Amino acid sequence: MNNIILSNYLSDEEVLHSKRVQKLALELSTYMGYSAEDSIRIGILALYHDLGKSQVPSRILTKKGKLTEMEFEVIKKHTLSSKKLLLKHDFPLDHADIVFHHHENVDGSGYPMGLEENEIPIESQIISICDYVDARTSVRVYRDSVMTELEMSKHLLELIDKKFRRDVSETMISLLEENLDFNQSLLKTNEKCM
């Protein structure tokens, strides 16, 4: 798969979001000490983490405000759709499973399976926190307000051992606080993609 095929599945905004998540996942996994090969693998999976949103009606994806319970159930199916699409494109099962689990929370409150702590692949947690950070620090069609890096760092502290693993959270906080030109590098990614 490549970016051209990705754009056949997702809206321009979702493609840009996926590219930002990929870039952040590459930075975070490298910062965590992963080899270049493993960081690239995590980055590729991050790029395709929301591929299954192509199966979600755009009226739900772009809805401003809170989703209904039924709409949220439809959104939750995107993880299985992503897994199926990756398998269709010959990704190994363990790689597709990493994408499948990127909305699991360490306290068991996530989806699709309600996994807890070490049941969740760490690569899924890396993609999850990158997805979360980008979704809240970038303007999206369904929400205009964004958090700064400092606000995000404080917010992530509250989510340790709830949504994210401690090691992944603390490393992301360090990455944000060291100000590796986080938003500027993501903005440049946006400009290159347009």
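The values are calculated or read from the model by the stated rules, or taken from the named source; none is laboratory data. Since the structure is predicted, the reported quantities are computational estimates derived from the model, not experimental observations. All Cβ positions, glycine included, derive from the backbone under ideal geometry; neighbour counts span all protein chains shown. Accessible surface areas use protein heavy atoms only, side chains included; no ligands, DNA or RNA. Shrake-Rupley method; radii C 1.70, N 1.55, O 1.52, S 1.80 Å.
Structure summary
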quantity	calculated
Index of the failed condition, Y9 passing every other in (1) modelled with pLDDT of 95 or more; (2) of a type outside the set (K, R); (3) farther than 22 Å from K163 by Cβ	(1)
Only one of V99, V133, V74 that is assigned to a helix (DSSP H, G or I) and more than 19 Å from L16 (Cβ to Cβ)	V74
Positions within the range 71-116 being of a type in the set (D, E) and open to solvent by 60 Å² or more (accessible area, probe 1.4 Å), in sequence order	E73, D90, D94, D107, E116
Residue among S128, S153 that is under 14 Å from the mean Cα position of the chain (by Cα) and either on the phi > 0 side of the Ramachandran plot or assigned to a helix (DSSP H, G or I) (or both)	S128
Residue match in the range 13-28 (condition: among the hydroxyl-bearing types (S, T, Y), closer than 21 Å to H78 by Cβ and in a helix (DSSP H, G or I))	yes
Any chance F91 is out of contact with any helix residue (DSSP H, G or I) (no Cβ under 7 Å at 6 or more places or on another chain), hydrophobic (A, V, I, L, M, F, W, C) and closer than 27 Å to E158 by Cα	no
Hits in the range 100-131 - residues which are hydrophobic (A, V, I, L, M, F, W, C) and either in contact with a Phe, Trp or Tyr (Cβ under 6 Å, 6 or more places away or on another chain) or modelled with pLDDT under 95 (or both)	I129
Index of the failed condition, K64 passing every other in (1) under 17 Å from the mean Cα position of the chain (by Cα); (2) open to solvent by 70 Å² or more (accessible area, probe 1.4 Å)	(1)
Residues located in the range 29-55, provided they are open to solvent by less than 40 Å² (accessible area, probe 1.4 Å), touching a residue at least 60 places away in the same chain (Cβ under 8 Å) and part of a helix (DSSP H, G or I)	S29, I42, L45, A46
